[in-house]
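Before any comments, here is the structure.
The values are calculated or read from the model by the stated rules, or taken from the named source; none is laboratory data. Everything quoted here is computed from the prediction, not taken from an experiment. Note: ideal-geometry Cβ built from the backbone for every residue, glycine included; neighbour counts use all protein chains shown.
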Amino acid sequence: MKKIITISLIFLLTFFFTGCTMEVNDAEIREIKKSPTYYFDILGENEMPIGGYIGPTASFGHDGNYCETQITDFHYKQMSEAGLNFTMGMKEDFNINRQNIIDSLVHAGNNGVMYFVKDSYLFDLYNGKSPISKEDFEQRIEAYNNYNAFAGLVGRDEPFGNDLALCKEVQDVFKEVFSAEESTALYFNSLSYQCPKVWLGGGTDGSISDWTLEKYLDEYFKNINGMKFYSYDLYPFVGKEDSIKPDYFKNLVLVREYASKYNVPFFTFIQAGGNLDNDSNWRTPTEGEMLWQINTSIAFGAKGYQFFTYNTPPEFPFSTLENMGLVNRYGKKTPMYYYAQKANNQIKACDDKLMQSALEGVIVTDKSPASIPENIILNNYYELQGVSGDANIVGCFNYLGKTALYVVNNSLTKDKAKISLNFDSNYSYEVIQRATSRNISGKNITLTLAPGEGAMVILK
């Protein structure tokens with residue numbers, strides 16, 4: 001009797017699963033669209049650049065205490081384990097201490113981290129020094145450009161409008177020395193809506209005060225012609241919790257427009273600390289806030305990002321050991337190290353797809369922490385007929401001719417947000433969430449996301 005019941009159950013279960021098999025359609029294959037990317041030759045075209053402003057620092061004194069050098073294998077390994085693959089030597093200068101630079105290149109290279117070298121003998125865009133001749137330039141860089149970790153040279157962070165002509169001089173010599181086909185780059189980082197208006201045109205003296213950000217970007221792209229990527233910073237977490245700068249998305253969309261026009265990939269900066277410039281109005285981001293800034297940047301088409309800062313800046317004397325940087329001035333991990341590591345693991349799990357995807361717009365559901373310009377918003381996207389549920393942003397990408405979506409919980413605080421993607425038929429999908437890939441099928445799928453969390457969905 002037992003045997004008969006068992007056979008009957010097997011038959012019924014077989015009938016149920018075969019009789020109810022879902023018919024799954026292949027996603028439409030359309031014309032492949034490409035988006036410009038920048039990658040380090042030695043790391044490969046599928047690895048997204050993830051950087052840290054101010055890498056492991058040389059020794060310095062602080063408040064009567066001695067901070068030991070962090071230019072060691074241990075500290076570069078720690079940087080790599082956080083998911084970063086490049087840094088800028090903003091505090092070390094080959095023209096002042098050559099050994100610090102050589103040691104940085106060696107230890108960075110041992111741990112798969114690329115390093116932008118500062119050398120004020122070549123030029124000094126902070127003090128108005130023009131570049132040396134091409135021949136002298138080529139001879140000078142022989143001391144360090146053959147190291148595997150050599151990513152290029154530090155140009156200028158946040159040049160004012162009246163600095164751009166000198167930036168052009170440096171860029172022009174750099175293009176003569178280094179091939180456009182290699183990844184070696186001159187590092188610049190642009191101003192944004194967060195900067196005082198006098199910076200845009202004439203710097204702190206206010207000699208040119210009527211420039212808009214659009215005017216500044218026109219001049220920036222014209223003068224730094226041939227840049228290999230565009231980088232900018234806007235740190236959104238100021239004031240009270242659950243609030244951000246109102247022009248965060250406005251700046252993000254404007255940057256995307258300029259980057260598209262000039263066929264250059266863009267990077268964003270991620271706020272990794274509070275009390276910036278010793279101003280207490282900047283608050284230290286929570287895990288949800290850091291994830292939100294990274295994931296919204298990706299959903300709007302960023303092809304890389306950087307943390308401000310990785311190491312606590314020596315010149316921020318009032319920063320505590322917990323509120324500035326992924327590591328503090330003694331090289332110890334802050335809570336933000338772990339937030340960044342979590343976010344970076346997710347991006348690294350899908351960066352091979354993100355680097356081959358072209359953004360075509362975003363779908364926005366429910367309220368947003370800041371307004372989003374309408375010119376980038378879509379109602380639907382090919383197979384995706386609509387999105388419902390809690391507040392979200394869905395970046396809509398052409399991935400090798402098929403649909404890929406980057407779904408973000410557009411809340412800084414809402415946990416276990418439910419976001420439903422509603423398609424026009426049954427499809428199979430690869431879902432990458434929390435650095436884990438799984439395959440599912442259906443006409444409608446629902447994701448559950450933590451504050452600021454993102455997930456990638458690729459139609460098969």
Review point. Just a yes or no: is a residue in region 238-247 under 17 Å from the mean Cα position of the chain (by Cα) and not acidic (D, E)?
Key: no
**Study point:** Residue identified as modelled with pLDDT under 95, of a type in the set (K, R) and out of contact with any Phe, Trp or Tyr (no Cβ under 9 Å at 6 or more places or on another chain) among K348, K333, K367
**Key:** K367
Practice item. Test E374 against the criterion of being of a type in the set (D, E), free of Cβ contacts under 8 Å to residues at least 40 places away in the same chain and closer than 21 Å to S280 by Cα, and give yes or no. Key: no
Exercise for review: Test I208 against the criterion of being surrounded by 15 or more Cβ atoms within 10 Å (Cβ to Cβ) and either out of contact with any helix residue (DSSP H, G or I) (no Cβ under 7 Å at 6 or more places or on another chain) or at pLDDT 95 or above (or both), and give yes or no.
Suggested key: no
Review point. Given the conditions (1) in contact (Cβ under 8 Å) with a residue 60 or more places away in the chain; (2) under 21 Å from N46 (Cβ atoms), and given that E453 satisfies all but one, which numbered condition is not satisfied?
Key: (2)
Study note, to complete from the structure: Going through region 64-79 in order, the residues found to be exposed (fewer than 15 other Cβ atoms within 10 Å of the Cβ) and among the aromatic types (F, W, Y) are Y66, F74
**Study point:** Candidates N263, N295, N275, filtered to the one that is over 11 Å from the mean Cα position of the chain (by Cα) and within 28 Å of S35 (Cα to Cα)
**Key:** N263
Review point. Within region 172-187, restricting attention to residues that are touching a helix residue (DSSP H, G or I) at 6+ places or on another chain (Cβ under 7 Å) and among the hydrophobic types (A, V, I, L, M, F, W, C), which residue is surrounded by the most Cβ atoms within 10 Å (Cβ to Cβ)?
Key: L186
Practice item. Name, by its number, the condition in (1) buried (at least 19 other Cβ atoms within 10 Å of the Cβ); (2) at pLDDT below 95 that does not hold for S280. Key: (1)
Point to revise | Selected residue [of a type outside the set (K, R), closer than 25 Å to K34 by Cα and in a loop (DSSP other than H, G, I, E, B)] from I393, I363, I372, I347 | key: I372
Review point. If you go through region 212-234 one residue at a time, do you hit one that is over 28 Å from S280 (Cβ atoms), assigned by TED's automatic domain parsing to the domain that holds M290, in a loop (DSSP other than H, G, I, E, B) and without any contact (Cβ under 8 Å) to a residue 40 or more places away in the chain?
Key: yes
Check your understanding: Name the residues in region 113-145 that are under 20 Å from K228 (Cα atoms) and of a type in the set (S, T, N, Q), would you?
Key -> N145
Revision key, fill the gap. Of the residues in region 123-151, those that are within 27 Å of N85 (Cβ to Cβ), without any contact (Cβ under 8 Å) to a residue 60 or more places away in the chain and in a strand (DSSP E or B) come to F150
Check your understanding: Taking region 389-405, which residues are closer than 16 Å to N444 by Cα and either touching a residue at least 60 places away in the same chain (Cβ under 8 Å) or among the β-branched types (V, I, T) (or both)?
Key -> V394, T403
